[in-house]
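The values are calculated or read from the model by the stated rules, or taken from the named source; none is laboratory data. None of the values given here were measured: they were computed from a predicted structure. We place every Cβ from the backbone using ideal geometry, glycine too, and count neighbours over all the protein chains shown.
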């Protein structure tokens, strides 16, 4: 983790402006082409969810702005970002499952399956790791499609962890809805566009074992 020098940072005015707003967040909804990733996952007997979750984390690592957080009134940048994903239980409650990032998908999937198993066997929201900043808050709504979405959030400017929610895969168009929220003091549209470009490229690539 490194601390950003706000005095010399090219985004210092942008950061101070947006951080001073009552609601410094912005969000959007888009769709991703998941045909290649879905077909490859089913062919290999893998979890489609874990495949696209892993590829989204790989893309996050490539965009510095998505690794930046506000900590104690300072901007810091983490070397690696992990996932906190909602996991549904049989009793229809969910828990927040902290899943570490591994560059190798096989390592990531092995660890993720164990963490998901533990979360399903537990109770409550499992917020023990919710205070960690080096993560993305993920959720999935696989029962229906959506073209817009609002997020439950704290309006405190210190809440700088990005949020992503995926919807139901449309198996006619192979498009997967993605809603995302970020802190505008840290992340602009250009940075999100770079993330989406890398993410889509990874979703299209089934040749390389990551």
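In segment 134-174, the qualifying residues are those that are in contact with a helix residue (DSSP H, G or I) (Cβ under 9 Å, 6 or more places away or on another chain) and part of a strand (DSSP E or B), and the one that is modelled with the lowest pLDDT is 140. In segment 67-83, the qualifying residues are those that are surrounded by fewer than 18 Cβ atoms within 10 Å (Cβ to Cβ), outside any strand (DSSP E or B) and modelled with pLDDT of 95 or more, and the one that is nearest to the chain's Cα centre (by Cα) is 80.
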